Amino acid sequence: MHLLAFGINHHTAPVEIREKAAFASDKLVSALHDVTAGGGASEAAIVSTCNRTELYCGLESAHADHIIDWFCHYHRLPPADIRPYLYRHPDQAAVKHAFRVAAGLDSMILGEPQILGQMKEAFATAHKAGATGKILNRLFQQTFSVAKQVRTDTAIGASAVSVASAAVRLARQIFSKLSEQTVMLIGAGDMIELCARHLKEQGIGHMIVTNRTVDRAEQVAAMFGAEAISLAEMPTRLADADIVISSTASQLPILGKGAVESALKARKHRPMFMMDIAVPRDIESEVSELDDVYLYTIDDLKDVVQENMESREAAAREAEKIIDTKVVDFMHWVASLDAVPAIRALRESADALREVEVERARQRLAHGDDPARVIEHLARALTNKFTHNPTDVLRKADHEGNKALLDAARRLFNLDEE
């Protein structure tokens, strides 16, 4: 069995490419069934976030082209358009990549904790769908353990900075007094909840939460003393918002240039700050052409947050040492799987010999033979049967001068040099 991790992320592909390769959450299970049924993977898990789309696969062979072809076909992307952005990590490199991603070492913001939860959710989905097996189950369990150790033993999570906090920090740079501003949060998922939490901590004046499901918007709003409205009401309330932060799972933009133009007119062209942290994007890119609008996408956050990076980079170096050690441990476990068939065959052979001799002993007892003599004969017969083949092989090795095999036998059977 071979391991493969491949995909695209914020290091290798711009948001325009990432949004084309993203997996919708309601399509994940069918995609997992598809890739394991006909895509060439024996096991699979899909991690699809705003910053990355990755597949972790267990393969029968080391050749991965058929999996890449499946990925392109599934997203209806010409291979020539996507392959320049793809990375692939086989076997040991796949293990190291998984560990680094979960520990936040591969994130846009070094050490951010959200990716660990996203990987746990991805594994839970794959496991529930029956798409994982021995290799991926062990890989993800070890991945979560390593991520926990990294966060416990290093300062990688100190002065936590996430995409959500970076968005709020950027808003604070544009509006010096957040207490005088109104923010509209579009969506009601984890990222929006984090944004709301950071905004509340920074003393935002008023929050409006809008979501396709009003009940969920009300739940988030209730946590932070915000106002909840339906997504249908959003265009008419947009003019109230000085700040708009959007993060939904929509596959199409939900806020267009026309709606923003109308809001600006109603605001008498007071500036609006808009942060689109969704992939695919929620806000049409043409909105950036409007005067008095400051539109940022998730990629713009790369240049926003640089504070606390020195301490995090030092912690990252310590984390890399932990990861390197754990990768070696995992690969030793993978290598041990090669011995499983031989161990199984040895036990089955020994069991077969035992059954034959035990049956003979039962027959002798049934004929009235002395039990003590039957037991002695049974023990001698088993000893002879178990040592017959190894003895023949060792005699031949001695005759041929095969010292390596003789030394291996001493180690295998824990024999003294004498």
Original post:
Among all the lysines, which ones have a C-alpha under 30 Å from Lys321's C-alpha, if same-chain residues fewer than 8 places away are not counted?
Top reply: Lys96, Lys120, Lys134, Lys148, Lys302
**OP:** Quick one: among Thr12, Thr132, Thr210, which has the greatest mean-square fluctuation in a GNM of the chain with alpha-carbon springs under 10 angstrom?
**Re:** Thr12
**OP:** Step through the residues of the range 40-50 one at a time and calculate ³J(HN,Hα) from phi using the Karplus curve (6.51 cos²θ - 1.76 cosθ + 1.60, θ = phi - 60°), rounding each to whole Hz and writing x for Gly and Pro.
**Re:** x, 9, 7, 9, 7, 9, 10, 10, 10, 10, 5
**OP:** Under a cut-off of 18 Å between alpha-carbon atoms, report the lysines in cross-link reach of Lys257, not counting same-chain residues fewer than 8 places apart.
**Re:** Lys265, Lys268
Subject >> Calculated Rg and Dmax of the chain using C-alpha coordinates, Å >> reply: 30.5, 110
**OP:** Going by C-beta contacts inside 10 Å, put Asp276, Asp65, Asp282 in order with the fewest on the left.
**Re:** Asp65, Asp282, Asp276
Original post:
When a footprinting reagent is the concern and you count Cβ atoms within 10 Å, what order do Leu290, Leu255 take, fewest first?
Top reply: Leu290, Leu255
Subject >> Under the Karplus curve 6.51 cos²θ - 1.76 cosθ + 1.60, θ = phi - 60°, whole-Hz ³J(HN,Hα) for the range 242-249, x wherever Gly or Pro sits >> reply: 7, 10, 10, 10, 10, 7, 10, 9
Original post:
Measuring from label point to label point, each 7 Å out along Cα→Cβ, what is the Glu310 to Val328 span in nm?
Top reply: 3.2
Original post:
Calculated from DSSP H runs of 4 or more alone, at -39500 (n - 2.57) each and per residue, what is the 222 nm mean residue ellipticity of the chain, nearest 500?
Top reply: -16500 deg cm²/dmol
**OP:** Multiply the residue gap between Lys265 and Gln202 by 0.36 nm, knock off their C-alpha separation, and tell me the result in nm, one decimal place.
**Re:** 19.8 nm
Subject >> Label-reachable residues, the range 1-40, where backbone N falls under 13 Å from a point 7 Å from Ala249's Cα toward its Cβ >> reply: 23-30
**OP:** Could you check which residue among Ala381, Ala263, Ala31 shows the biggest mean-square fluctuation in a GNM of the chain with a 10 Å Cα cutoff?
**Re:** Ala381
Subject >> Fewest-first sequence of Met119, Met331 by Cβ atoms within 10 Å of each Cβ >> reply: Met331, Met119
Original post:
Roughly speaking, what is the stretch gain from Glu359 to His377, that is 0.36 nm per residue apart minus the C-alpha to C-alpha distance, in nm to one decimal?
Top reply: 5.2 nm
Original post:
Tell me, what is the FRET efficiency for Asn389 and Ala62 to the nearest 0.05, using R0 = 30 angstrom and their Cβ-Cβ distance as r?
Top reply: 0.35
**OP:** Would you grab the residues whose amide H sits under 5 Å from the one on Tyr294? Only those 5+ places off in sequence or on another chain, please, with H modelled 1.01 Å from N.
**Re:** Met272, Phe273, Met274
**OP:** Give a residue-ordered list of calculated ³J(HN,Hα) values for the range 105-110 (Karplus: 6.51 cos²θ - 1.76 cosθ + 1.60, θ = phi - 60°; whole Hz; x for Gly, Pro).
**Re:** 7, 10, 7, 4, 10, 3
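Read the figures in this text as sums done on the coordinates, not as results from a lab. What you see is a predicted model, and the numbers here were worked out from it, not measured in a lab. So basically every Cβ, Gly included, is an ideal-geometry build from the backbone, and we count neighbours across all protein chains shown.
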